[in-house]
Amino acid sequence: MKDYTHVPDKLEGYLLQTRHALFDLISFDPNRIVSVEAYDDVATESGNLVVAEQIKSVLSENSPLANRAIVFWKTIYNWSMYISSGSFNGKELELKFVIVAAQKLNTGTIAQKFHDAADINQAKAALKAAKLEIYGDPETPKEVSASLKPYIEYCFSKRNESAVLDAIKRFTVELHSGDY
């Protein structure tokens, strides 16, 4: 089949975003702003705080939290780009990677270390460990897929380090999974 896309997965993902946004609208502070596809899939603004959420619906065994998951690295890349470009206009920022899965998913070691990093030193250690996990020993480096390569090259570049570390220390995972 030429140019086949699995539309039900995409529709499920978009509907999850809108449900999540509606939940945010009715559940919390009535003075905050909730958006879909503005700062991220869903974002809330209240005073000087922006909570940007990347929301993924997982209907398969593929974990978006796996160490080499393209969607994971693309999210870190996007958040880092937003930070470096000033898209958040100096606001306080929280970055959430929200996963809703029909089955139990494992969190990769990289996503877990990024989630656990609460300050710049822990973020540096997490990024260093991620680079070692992705590339392996410099003398016998691991292969990296062409689709993953641009995101990790950006994230591991010394030139982008400040924005990437800022994204990592603000990164949290919210995982909703199980057998439904």
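Values quoted throughout were computed directly from the atomic coordinates according to the rules given, and no laboratory measurement underlies them. Remember, it's a predicted structure, so these values are computed and weren't measured experimentally. Counting neighbours? That spans all protein chains shown, and the Cβs are built from the backbone with ideal geometry, glycine included.
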Residue span R68 to L148: 0.36 nm per residue of separation minus Cα-Cα distance leaves a gain in nm of 28.1 nm
Amide H neighbours of V58 at under 5 Å, excluding residues fewer than 5 places away on the same chain, with H built from the backbone geometry, are V100, A101, A102
Dividing the helical contributions, -39500 (n - 2.57) per DSSP H run of n ≥ 4, by the residues of the chain yields a 222 nm value, nearest 500 deg cm²/dmol, of -14000 deg cm²/dmol
Counting only backbone N atoms under 19 Å from a point 7 Å out along Cα-to-Cβ of A129, the residues of segment 91-109 in range are 97, 106-109
Pairs over 21 Å Cα to Cα, from K56/K131; K128/K149; K74/K96; K74/K158, come to K56/K131
The farthest towards the positive end of the charge dipole of the chain, of the residues L105, Y39, Y154, given +1 on Cβ of Lys and Arg and -1 on Cβ of Asp and Glu, is Y154
Here the FRET efficiency for N106 versus F156, based on Cβ atoms and R0 = 35 Å and rounded to 0.05, is 0.90
Here the convex hull volume per residue of segment 84-174, taken over Cα atoms and given in Å³, is 133
Within the under-14-Å Cβ sphere about N121, not counting N121, Lys/Arg +1 and Asp/Glu -1 give a net charge of 0
Read-out percent of Cα pairs over 24 Å apart, candidates (i) 46; (ii) 40; (iii) 61; calculated match is (ii)
